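Let me begin by presenting the structure, written as structure tokens, before commenting on it.
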Amino acid sequence: MKIKRVLFVSASRADFYLQKILINKIIKKTNLKISLIITGNHFFEKFGYTYKDIYKEKYKFLHTIKVINEIKKDNSLIFSFLCKEFNKKIRKINPDTLILFGDRYEMLSAAIASMFLNIPIIHLHGGESTEGSIDDNIRHAITKMSHFHFVASNKYKKNVIQLGENPKNIFNTGSLSAERIKVMKKMSN
């Protein structure tokens, strides 16, 4: 698979700051064309309107999907709305691959749109476990639709293999959170 155009999707501050590490490395070290779609919690007041922080990065490859007010309180309506909107955006951007993080329903809607458009998916942080929520179901569904898997530990690699994924396409690259900690400015006592 020859990759020229890579599409990232971010739905929250938590995944954006991990993605930012990869995005900046790709910009510095490759000639790949990057696009980023932001959606979800980035546009919600109670999460601090984090889209404003992303705008400060001055990425020229930024796209947005804002959830319309009428459906903001119903996750199933948001999910179906996002499937449709991701389909439109992905067709327009026409990436060679999509990079998705973790276990959010916004990522699942992007994965579904990408799968039906035959665009390979790279999933980061699959195989992990969250007790007492629907996150595991969403994460595992994204894993099953993905072609390549970058996991944070050997335990998570085993979990992805148990889901039936090809071990040749699963890579233990460690946690991006550890990379983030390395670049964070330290506070004085």
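The values are calculated or read from the model by the stated rules, or taken from the named source; none is laboratory data. What you see is a predicted model, and the numbers here were worked out from it, not measured in a lab. Every residue, glycine as well, gets a Cβ built from its backbone with ideal geometry; the counts of neighbours run over all protein chains shown. SASA here: full protein model, heavy atoms, side chains in, ligands and nucleic acids out. Shrake-Rupley method; radii C 1.70, N 1.55, O 1.52, S 1.80 Å.
Those residues that are in contact with a Gly (Cβ under 7 Å, 6 or more places away or on another chain) and outside any loop (DSSP other than H, G, I, E, B), I need them from the stretch 143-168; list them, please.
Hits for the stretch 143-168 are Thr143, His149, Val151, Tyr156, Lys157, Asn159, Val160.
Does Ala141 satisfy the condition of being under 16 Å from Leu36 (Cβ atoms) and either touching a residue at least 60 places away in the same chain (Cβ under 8 Å) or not aromatic (Phe, Trp, Tyr) (or both)? Write out each step before concluding.
On the way: under 16 Å from Leu36 (Cβ atoms): no; either touching a residue at least 60 places away in the same chain (Cβ under 8 Å) or not aromatic (Phe, Trp, Tyr) (or both): yes.
It is false that Ala141 is under 16 Å from Leu36 (Cβ atoms) and either touching a residue at least 60 places away in the same chain (Cβ under 8 Å) or not aromatic (Phe, Trp, Tyr) (or both).
Quick check on my filter: what residues within the stretch 123-133 are over 21 Å from Asn75 (Cα atoms) and surrounded by fewer than 21 Cβ atoms within 10 Å (Cβ to Cβ)?
Initial filter on the stretch 123-133 (over 21 Å from Asn75 (Cα atoms)): 123-129.
Once the filter is applied, which keeps residues that are over 21 Å from Asn75 (Cα atoms) and surrounded by fewer than 21 Cβ atoms within 10 Å (Cβ to Cβ), the stretch 123-133 yields Glu128, Ser129.
Is it fair to say Lys29 is of a type in the set (D, E, K, R), on the phi > 0 side of the Ramachandran plot, out of contact with any strand residue (DSSP E or B) (no Cβ under 8 Å at 6 or more places or on another chain) and open to solvent by 50 Å² or more (accessible area, probe 1.4 Å)?
Numbers: of a type in the set (D, E, K, R): yes; on the phi > 0 side of the Ramachandran plot: no; out of contact with any strand residue (DSSP E or B) (no Cβ under 8 Å at 6 or more places or on another chain): yes; open to solvent by 50 Å² or more (accessible area, probe 1.4 Å): yes.
Against the criterion (of a type in the set (D, E, K, R), on the phi > 0 side of the Ramachandran plot, out of contact with any strand residue (DSSP E or B) (no Cβ under 8 Å at 6 or more places or on another chain) and open to solvent by 50 Å² or more (accessible area, probe 1.4 Å)), Lys29 does not qualify.
Restricting to the stretch 1-26, count the residues that are touching a residue at least 24 places away in the same chain (Cβ under 8 Å) and open to solvent by less than 80 Å² (accessible area, probe 1.4 Å). Before you say what the answer is, go through the steps one by one.
Within the stretch 1-26, the first condition is being touching a residue at least 24 places away in the same chain (Cβ under 8 Å), and the residues that meet it are 1-13, 15-23.
Then drop every residue that is not open to solvent by less than 80 Å² (accessible area, probe 1.4 Å), which leaves 3, 5-12, 15-23.
Going through the stretch 1-26 one residue at a time, the tally reaches 18.
State whether one or more residues within the stretch 38-55 are touching a Pro at 6+ places or on another chain (Cβ under 8 Å), closer than 17 Å to Ser114 by Cβ and crowded, with 16+ Cβ neighbours inside 10 Å. It would help to see each step written out before you state the result.
Step one: of the stretch 38-55, the residues touching a Pro at 6+ places or on another chain (Cβ under 8 Å) are none.
Scanning the stretch 38-55 turns up no residue that is touching a Pro at 6+ places or on another chain (Cβ under 8 Å), closer than 17 Å to Ser114 by Cβ and crowded, with 16+ Cβ neighbours inside 10 Å.
Select from the stretch 100-117 the residues that are surrounded by 20 or more Cβ atoms within 10 Å (Cβ to Cβ), at pLDDT 95 or above and not in a helix (DSSP H, G or I) and list them in ascending order.
Leu100
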